[in-house]
1. More than 16 Å from ASN128 (Cβ to Cβ), polar (S, T, N, Q) and either in contact with a Gly (Cβ under 9 Å, 6 or more places away or on another chain) or surrounded by 15 or more Cβ atoms within 10 Å (Cβ to Cβ) (or both): is that true of THR83 in this structure?
2. Suppose we filter ALA79, ALA23, ALA41, ALA50 for residues that are aliphatic (A, V, I, L, M) and touching a residue at least 24 places away in the same chain (Cβ under 8 Å); which single one remains?
3. Between a residue in the range 97-110 that is touching a residue at least 40 places away in the same chain (Cβ under 8 Å) and over 12 Å from TYR53 (Cβ atoms) and any residue that is surrounded by fewer than 16 Cβ atoms within 10 Å (Cβ to Cβ) and among the acidic types (Asp, Glu), which pairs come within a Cβ distance under 9 Å, given they are 6 or more apart or on different chains?
Amino acid sequence: MKKRNRIVDVFPILLFLIFTLSALGIVTFSVQIYRNIVERAEGRFNTETAAAYLSEKYRNHDDRGSIQVSDFMGNDAIAIEETIKDVPYITYIYVYDGYLRELFVEVSALADCTAQDGNDILPMKSLNIEKISDRLLKVKLKDMEDKEEEAYLSVKSISAAGGDVP
């Protein structure tokens, strides 16, 4: 009977341990990368969603003179005017009391409305609208954790009076 060398017995065990530790290290590293990606995505969800919401509202109503940048009860706002069955309506999108809000109301009932009357869309700290040119707006949104998002809204239509909007 031959005697086996001790290294021959230990080598497969060492090889298995090295493989196991390497696999565990790769999995741990991958989990950390995944966590970082999820945290960044969750952190920007509100501001990116709000920017996309504003962009879509803007695009859907980009019609001759229907969109204006205005002040709604002391808040920067986007005002969208439309007529439904010969009744004029206005929609204000603004930030008030920690929320991005939307108020849709008949123009005749606007005097009875307050900033609290708008529907809550998303938690948001601020909305600033800057007119870059006659056809370009810069919208800055800041969420409750002070994360910011910027969106540029380009007006494609021309107002009924022939000038640019807003």
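Throughout, read-outs are computed from the coordinates displayed, never taken from laboratory work. Given the structure is predicted, the values throughout are model-derived calculations rather than measurements. All Cβ positions, glycine included, derive from the backbone under ideal geometry; neighbour counts span all protein chains shown.
1. On the way: more than 16 Å from ASN128 (Cβ to Cβ): yes; polar (S, T, N, Q): yes; either in contact with a Gly (Cβ under 9 Å, 6 or more places away or on another chain) or surrounded by 15 or more Cβ atoms within 10 Å (Cβ to Cβ) (or both): no.
For THR83, the condition - more than 16 Å from ASN128 (Cβ to Cβ), polar (S, T, N, Q) and either in contact with a Gly (Cβ under 9 Å, 6 or more places away or on another chain) or surrounded by 15 or more Cβ atoms within 10 Å (Cβ to Cβ) (or both) - is not met.
2. On the way: ALA79 fails: touching a residue at least 24 places away in the same chain (Cβ under 8 Å); ALA23 fails: touching a residue at least 24 places away in the same chain (Cβ under 8 Å); ALA41 fails: touching a residue at least 24 places away in the same chain (Cβ under 8 Å).
Going through ALA79, ALA23, ALA41, ALA50 in turn, the sole match is ALA50.
3. GLY98/ASP120
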